[in-house]
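Every read-out reported here was derived from the displayed coordinates using simple, explicitly stated rules and does not represent laboratory data. Keep in mind it's a predicted model, so treat the numbers as computed, not measured. Methodologically, a virtual Cβ is constructed for each residue, glycine included, from the backbone with ideal geometry; neighbour enumeration extends over all protein chains shown.
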Amino acid sequence: MRLSASQIFMGTYVSNAVCFRYPHPVNPIINESKKTHYRQFSGNTFWAVPISYGHLGQRPLMAISVAETAMTENTEGQPRFKWGVIGPEITEAQQEAIDQLPPKMSKRCQALMKQIICFSPEKGSLCEVLDAWVNIMKPSRADWLAVLKELRIKDHPLYLQVAEIAILEESFEANLRDYTKIIHGYGKQNRIEDAEKTLSNMKSRGFICDQVTLTAMIDMYSKAGRLKLAEDTFEEIKLLGQQLDKRSYGSMIMAYIRAGMPDQGESLLLEMDAQEIYAGSEVYKALLRAYSMIGDTEGAQRVFNALQLAGISPDAKICGLLINAYGVSGQSHKARAAFENMRKAGLKPSDKCIALMLAAYEKENKLQMALKFLMGLEREGIMVGKEAAETLAGWFTKLGVVEEVDLVLREFAANEANSGIPAS
C-alpha cells in the first residue's frame, strides 16, 4: 500500500510509530537483568549495541558539536536525514513558527523543534530525526518534556508521534502518566485502536493500569459511542479495589448520557451521593440537558433539585433547561412557573429563556398567552432579543400573519390597557 506524504506527516497511518532498532527498556521491577543499550556511530549510521554492566567504561563515539553532521542512510546507502541543515526552501509559516519558539527554551530543545517544524518525509523518518538528536544532544527527561509541551501547546500534528517515539527512549524515563497523556491525546482524536495499542504497550513494559488511565479510556469509549467497552472498563476500575473518584463516575455517567440512557447515569449519580461524592457541574448540566431534550419533566426536576443540593447555584442557562423540559412535554403553565421562579431567585431572564417560553406557548398554540407574556416583559424594560424574535417570527410565519404582527400587538396592548388585565 502506497502512502501519501500528507498521510505520513499527519500520522494518520503511522500510528504508534516507534523506532524498533533496539529492544524496549522494560520496568526493572519485572526484569532485573536488563541490559543498557548504547548507540555507536559507525560511518554514517547510528546503531544500537547491547552491552553488559561490566562494559560501562566503553563510551559511544559522538559528534563533537551540534554543527557537525549526523546522517543516517536508507537500505540503498543514500543519505536520508542531515541534521541541522534547514535550507532556503523554508516557508514563511515555518520561519514564523521558529521565531515564536520560547526564548527561555534551551538550545538543544530549540534545535529539535526547528527540525520538527521543518520536517518532511523526503528528508528521512521522524525516528531518524529523534535518534540523531538523542545521540548528539544527550537530552534529559526535562528536555523531552519541554519539546512535548511546546508541540502540545502549538497543537502540532506530530505531537503524538513524537511522544510515542520518546516514550521508548531510556533518557525519557517514562512513567505511567506519560502513557496516560498519549492515550488521552488519541482519545481526543477518536483514534481508539492507537489508544488501545498504547495501553497494551504500557502493560507489556510492566506498568499497571490505575484509575486515572482507565478513566481516560472510558472518556474515549464514551465519545466514540462504545458503551459496552466503557462499561467493561468501568468494571475494571472497580476491581482495583479503590474507591471510585468523581472523575471515573462522571466519565461513566457521560457515557450513559451519550448513549441516550440518562436514567442509568442518574443511578450512578445517586450512588455517588450515597458516598458523599459530588459530580462536577458539567455532569449535572449534561444530565439535565438529556432529560430536557426528551421532555422528561420528572427527571429534569430531580436533577435540577439534586444540583442545588450539591451546592451548585442555578443560572439562567440551567433554568432554561428546566423550562425547555416543560415546554417540550406540552406543559406551558409549568414552564411559566419555572420562568417566574427563576426571576424570583434574582436571575435576569436571558433571550434564550424567553425564546423557550415562546416555543412552549407555540406548541400549545396559545398565541394570546404569548403576547400577554411579551407585553409584560416590555413593561418591565426587558426587550426581546434575536433568538426570541426569530422564534416569534417563525410562529407568525406558520400562521400566515407576518404582515399583521404589528397590528395584533397594537390591538392587544390597547385591549389590555382598557381592560386593566395584568400582563403576567
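What is the calculated FRET efficiency for Lys363 to Glu387, with r their C-beta to C-beta distance and R₀ = 25 Å, to the nearest 0.05?
0.90
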- Query: Using 0.36 nm per residue, how much length does the chain from Asn341 to Asp232 gain when fully extended, once their Cα-Cα distance is taken away?
  - Reply: 35.0 nm
- Message: As an exercise, use a Förster radius of 22 Å and the Cβ-Cβ distance of Arg141 and Ile86 to find the FRET efficiency, rounded to the nearest 0.05.
- Response: 0.25
- Task: With a point put 7 Å past each Cα toward its Cβ, work out how far Thr397 is from Glu193 in nm, to one decimal.
- Result: 4.5 nm
- Item | Potential lengthening between Ile312 and Ser106 on full extension [0.36 nm per residue; Cα-Cα distance subtracted] | 69.7 nm
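Just list whichever of Lys154/Lys203; Lys372/Lys398; Lys285/Lys344; Lys334/Lys372 have alpha carbons separated by over 28 Å in the model shown.
Lys154/Lys203
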- Please check which bits of segment 131-154 a label hung off Asp210 would reach, taking the label as a point 7 Å along Cα-to-C-beta and the cut-off as backbone N under 15 Å. none
- Can you tell me how much longer the chain between Ser267 and Gln94 gets when fully stretched, taken as 0.36 nm per residue apart minus their C-alpha distance, in nm with one decimal? 57.1 nm
